[in-house]
1. Would you list the helices (runs of 4 or more DSSP H) that sit entirely within the stretch 15-86 and hold 2 or more residues that are farther than 15 Å from Y5 by Cα and at pLDDT 95 or above?
2. Does any residue in the stretch 21-47 that is on the phi > 0 side of the Ramachandran plot and in contact (Cβ under 8 Å) with a residue 12 or more places away in the chain come within less than 8 Å, Cβ to Cβ, of a residue that is part of a helix (DSSP H, G or I) and open to solvent by less than 100 Å² (accessible area, probe 1.4 Å) six or more places away or on a different chain, and which pairs are these?
Amino acid sequence: MHISYKPLWHTLIERNMRKEDLRLAAGLTTNMIANMGKEGKHISMDTLARICETLDCGIMDVIELASDEPSTSGGNGNGKTERKNHRERH
């Protein structure tokens, strides 16, 4: 599992804000904004709290826990394992 900032980007779109608008309003650095755009990069809880306060929103409007497993179309991954195990039982 890793932290994803996708909810933040959706929140900004809903509020018609750009990343730069958030950066200025919350007093963030360009590096903080850049780190949120990179997979696996973390920012501090203080920064998350500042973002929530600035946007007057909850933490789930900013971050979510995302699976480390690559997403596949068509549901391949685990489906094959389950079918294999199912066949072995019969």
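The values are calculated or read from the model by the stated rules, or taken from the named source; none is laboratory data. Model, not experiment: these values are computed from the prediction. Cβ atoms come from the backbone with ideal geometry, glycine included; neighbour counts cover every protein chain shown. Surface areas here come from the heavy atoms of the whole protein model, side chains and all, with no ligands, DNA or RNA. Shrake-Rupley method; radii C 1.70, N 1.55, O 1.52, S 1.80 Å.
1. Ranges flagged: 19-26, 45-55.
2. Cβ pairs passing all conditions: G27/R50.
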